[in-house]
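Q: Let me give you the structure first, and then I'll get to my questions.
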Amino acid sequence: MYRKPVARDAATHYRRYVSSSGVMRKAHLVRQIRGRKRIGSAEGQHWNLESVFDGLNSQFFHGLLGRPQMTWSRGHARNHLGHYDPAHNAIVVSRVFDHQRVPRQVVEYIVYHEMLHLKHPVRLHGGRRSVHSAEFRAEERLFPHLAEAKAFLKHFGGIL
Ligand SMILES: [Zn+2]
């Protein structure tokens, strides 16, 4: 006999509780944190991506490229060996390459490739998106250990 009114009352209290601004703010904060870009660290077990970037920047770009957020991927995803994310101005390298058996040249090549994405933004070319333009490819060929790095990366089968 008393249950129904009590339950309805509890539901009303709950609605009031949830719609109170403090709770709404907390829920909003949780959504923000969950949706946030998870930025990892440039410092790996073996290679530091910021020092790799800085070395390549002075070697190939006269030190003129602004360093974006450099980070190892959080997981061991292999579908992306690396990528440049213009929205967050971040270069992400797959953590599988943070390994003692991965030559520094390979990590350098991945970072160099992504630095070229930073330098050559995606353009529309005759209505098509030109991700790796002729200029991009020409500049990529300046990397001294390109063939070895590409041969090594073939085993991973991901994309750059
Ligand atoms: Zn690419």
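The values are calculated or read from the model by the stated rules, or taken from the named source; none is laboratory data. Please read all numbers here as calculations on a predicted model, not as lab measurements. Every residue, glycine as well, gets a Cβ built from its backbone with ideal geometry; the counts of neighbours run over all protein chains shown.
Q: Restricting the stretch 139-160 to residues that are under 16 Å from residue 97 (Cα atoms) and of a type in the set (Phe, Trp, Tyr), which is farthest from the ligand (Cβ to nearest atom)?
A: Here the residue is 152.
Q: So for the stretch 55-74 (the condition being in contact with a Pro (Cβ under 6 Å, 6 or more places away or on another chain) and either among the polar types (S, T, N, Q) or more than 18 Å from residue 159 (Cα to Cα) (or both)), does at least one residue qualify?
A: The answer is no; no qualifying residue exists.
Q: A further question follows. Can you name every residue in the stretch 23-82 that is modelled with pLDDT of 95 or more and assigned to a helix (DSSP H, G or I)?
A: 49, 50, 51, 52, 53, 54, 55, 56, 57, 58, 59, 60
Q: Within the stretch 145-160, track down each residue that is under 15 Å from residue 116 (Cβ atoms) and outside any helix (DSSP H, G or I).
A: Correct list: 159, 160.
Q: When the stretch 123-147 is examined, which residues are found to be touching a residue at least 24 places away in the same chain (Cβ under 8 Å) and under 22 Å from the mean Cα position of the chain (by Cα)?
A: 140
Q: Kindly list, by first and then second residue, each pair from a residue in the stretch 81-99 that is charged (D, E, K, R) to a residue that is modelled with pLDDT under 90, limited to pairs with Cβ atoms under 9 Å and residues at least 6 apart or on different chains.
A: Correct list of pairs: 85/37; 95/40; 95/74; 95/75; 95/76; 95/77.
Q: Which condition number does residue 82 fail, the rest of (1) away from the ligand (no atom under 15 Å from the Cβ); (2) closer than 24 Å to residue 155 by Cα; (3) surrounded by 12 or more Cβ atoms within 10 Å (Cβ to Cβ); (4) under 17 Å from the mean Cα position of the chain (by Cα) being met?
A: With (1) away from the ligand (no atom under 15 Å from the Cβ); (2) closer than 24 Å to residue 155 by Cα; (3) surrounded by 12 or more Cβ atoms within 10 Å (Cβ to Cβ); (4) under 17 Å from the mean Cα position of the chain (by Cα) applied to residue 82, the lone miss is (1).
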